Every structure is written in structure tokens, then in C-alpha cells.
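Okay, structure first, notes after.
The values are calculated or read from the model by the stated rules, or taken from the named source; none is laboratory data. Keep in mind the model is a prediction, meaning the values are calculated, not measured. Note that each Cβ is placed from the backbone with ideal geometry, even for glycine, and that neighbours are counted across all protein chains shown. Surface accessibility is based on the protein's heavy atoms, side chains included, excluding ligands, DNA and RNA. Shrake-Rupley method; radii C 1.70, N 1.55, O 1.52, S 1.80 Å.
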Amino acid sequence: MSSQPENLQARIVEGVKRVLGERAGMVLLHGPEFAGHEWAYVKECIDTAWVSSAGAYVGRFEQSLADYTGAKYAVATVNGTAALFVALQLVGVQPGDEVLIPALTFIATANAVTYCHARPHLCDVEETTLGLDAGKLGAYLREIAKIEGGQCINKRTGARIRAIVPMHTFGHAVDLEGLLAVAQEWGLVVVEDAAESLGSFYHGQHTGTFGRLGILSFNGNKIVTTGGGGAILTNDADLARHAKHITTTAKVPHAWEFYHDETGYNYRMPNINAALGVAQLEQLPGFVERKRRLARRYLDEFAGVGGVRVMTEPAGCASNYWLNTLVLDKSDKGLRDQILGALNEAKIQSRPIWQPMHKLPMYDKCPRMDLSTTDNLSGRIINVPSSAGLMAR
Ligand SMILES: *Cc1c(COP(=O)(O)O)cnc(C)c1O
């Protein structure tokens, strides 16, 4: 039986409450869980005084990340934004270049481009994955771009388009096959923003390992947290070495001499954060399994309810379901906000998707394609509580 639209708000609030059951206090959108060896590992850092970036947990964390994702190399950083900024520099994004990014993303994607003195070029997303629309991007580039001297040039601005940054929204893999083909056709480098998709696989391969470089985030709200942190993933030994070098002030190793051979950054993850990360990664398979069980509950609860759908993993993909997502059939900010108000009122922390980049004052003049799907989606999305801790172990 399908609900009437006027009952939709009540039906959604009732459904989310049923999925979550009785809970004391505010149910967070995404809270961390520290039920493993976190205390022991962090205590060890303090007891041994190895709290900063030279400690052994940093290397252990990197190895665990490489093992889990299948990337040959992982380089741990202070946060995901720093990882993305460094990754873009490493693939040769230069001042004045343009970088293709989704208009519907977290601000860090656009900011990392800006830190390179390059320009975000905003692209539309698909309704199914909420990620970059490869077909639309291909058609757009045929209209506005040309290849000149082996470079992709924007005919309208004269700037070089250097890279594409696909982002796996809420942990659902984007159309990588389509985007890799577009990148290949136009000589663009792919850097994946996999900040939200640790634990998500595209056709059996971990997200963040398809581009020349990929990045992860371990912020407090992500599936695995180090307090704050990030990582660069790559299969390229030279890029991995260079990533580690410039995130550790580009110091040339020597027992006492301070010699730095380029402008580097103090972006290495401290040991105390990495210790937390090692303990968290030990629990990642369990986190993914419980989050997928919670997603199944939301999917079952709203199956057949008219006016709304729950986002599900794309065909051939396995999602970590970082954030569960309700998508209203019709773009209606009024209804969306009423639902958000009612959920938060009921102590169920819920939020809309980000304001699209072209609606922000720093990015409203960026080059962009038609963004009708982005505009339409931004009034239809509600994220609901998704912590692994909501499901029994
Ligand atoms: C979390 C996130 C980042 C990185 O964030 P940090 O807080 O710097 O670790 C980048 N892109 C997206 C899409 C994110 O969600």
C-alpha cells in the first residue's frame, strides 16, 4: 500500500523510528565506536612517549590500509583534505588548471583544488549513484574541450583541464568504468575522493584504487576514525615515495643534517592517531557488516512506500552504507525541511545533502556544465542515523 503524499512526513518519521527502535538520548547521524584495542594501543603510545609522527603505528596503519584496500601503497596524512591537496599536486595540477569535480560534494573536494591555485570545474551527477555522470561529462567535453599538444584544453576559458576527481557519495561507488573511459579519451588523470567509501567495492575492487591516486578520510564521522586523519592510496611506487616525502616536509633522510629538497608539508599523521586507526581497522569488516544490516532494515521499511526511496548500492558494487539516504521523489525543500525538523525534534539526528558547490560564494563563478540533476537532487535528500553501533555485534 502506498502512502498519500500528505502523509509522507509522518510515514517517514514513523519508519525511521521503527528502524531505530527505542533509544535513550539523541541518536547521532554517525558516531564512532571504540570497542576494540583503541585504549591499549593509544596507552602504549603514551607509555613509550612515541606520540608523534615517527612512531611505529603510522607504518602499521599504512600497511593495514594497503592490505585491506588492495592498494600497493598507503600514505597516512593529518586529514583527508590534505591528502587530496597533495594528491592533486602529485599528478601535476598546476596554477591556472581546471579540475573536473562533482558539484554535489563536500566542500573539501573543491577546496583541495583551490589550494593548488587551480579552478574547480563543476560537473553534474547521476540520480542513481549521486556521483559524476560519465555520459553527460563525455558529451559536455566533446562540446567545450579540445586536445592540443596532448593536453585537454577548455575552448571557452583557454585553461588546461588536468584531472577528474570522482567522489563516492555516502559510500556508493560512482560509475568508474564510464569515468575512466572519459579520462582516457581526454588524457585526464583520475584522482578518486574515496573519503566516504572505505569498505566499498566496485566490481570487487576497492574504491580509491582505480585512479592514479585515491584518498581516504578518518574524520570522527567517517566509518573508521583516527580522530582526524587521511591517507593517499596508489599502486605507483614513485608516487607513493613522493607522497610520503612531501607530507614529511621533504626532508632528505640523514642522521643529523636538515636538508629539504623541495617545498614540503607537515602533513604526516601522528602516531597516537595511527594507533587509534590500527585498532579501528581491526574492526572494519564488522563495522561494514553491521552497517549493511542497518541499511537492509531501512530498505525493507521503506520498500513500497510511495514518494520516497532508500538509496541502494549500484549494480555490481558493494557499499559500506556510510550514510543511509532517503531520496524524495519530488524536489520539495519545504517538505524536506519539515521532515528534517520532525526527525531532529524526535532526537534522531538527520541532515540534508551539502549545498551544491555553485551555490557557495567562493565557487559560484566556477566553470560548470548544466547542473540540473544536482539542483533537483539537493532538495530531495535526507541522511538518517547510520552508525554501526546501532546494530548488535
Ligand atoms: C570527509 C571528506 C573529505 C575529507 O575530509 P577531512 O575532514 O579533511 O578528513 C573529503 N571529501 C569528502 C567527500 C568527504 O566526505
Of the convex hull drawn through the C-alpha atoms of the range 38-282, the volume per residue in Å³ is 117
Amide H contacts under 5 Å for A145, placed H, 5+ residues apart: K155
Per residue, how much accessible area does the chain show when a 1.4 Å probe rolls over the protein heavy atoms, in square angstrom? 41
Which of the peptides 340-353, 100-113 is most tightly packed, and how do the rest follow, going by the mean number of other Cβ atoms within 10 Å of each residue? 100-113, 340-353
Excluding residues fewer than 8 places away in the same chain, name every one of the aspartates and glutamates whose C-alpha is closer than 17 Å to that of K291. E33, E196, E282, D300, E301, E313
How large is the helix-only mean residue ellipticity at 222 nm for the chain, computed as the sum of -39500 (n - 2.57) over DSSP H runs with n ≥ 4, divided by its residue count, in deg cm²/dmol to the nearest 500? -11000 deg cm²/dmol
On the accessible surface of the chain, probed at 1.4 Å with all protein chains in place, carbon and sulfur together account for a percent value of 53
Surface accessible to a 1.4 Å probe, W50 within the full protein complex, Å²: 140
Just to confirm my numbers, what's the Cα centroid distance between the range 27-72 and the range 367-393 in Å? 29
What's the long-distance tail for the range 68-168, i.e. % of Cα pairs beyond 20 Å? 43
Listed pairs K72/K251; K17/K330; K72/K359 exceeding 29 Å between Cα atoms: K72/K359
Rounded to whole Å and sorted largest first, what semi-axes of the equivalent ellipsoid does the C-alpha gyration tensor of the range 207-259 yield via the square root of 5 times each eigenvalue? 26, 17, 6
Sequence-distant or interchain residues sharing an amide H contact under 5 Å with L213, placed H: which? E192
Work out from phi, with θ = phi - 60° and the Karplus expression 6.51 cos²θ - 1.76 cosθ + 1.60, the ³J(HN,Hα) of each residue of the range 382-393, listed in order in whole Hz, and give x for Gly and Pro. 10, 8, 10, x, 9, 4, 4, x, 7, 10, 5, 7
Between D329 and K365, what length in nm is gained on full extension when 0.36 nm per residue of separation is reduced by their alpha carbon distance? 10.0 nm
Leaving out same-chain residues fewer than 8 places away, which lysines sit with a Cα under 27 Å from that of K43? K222, K244
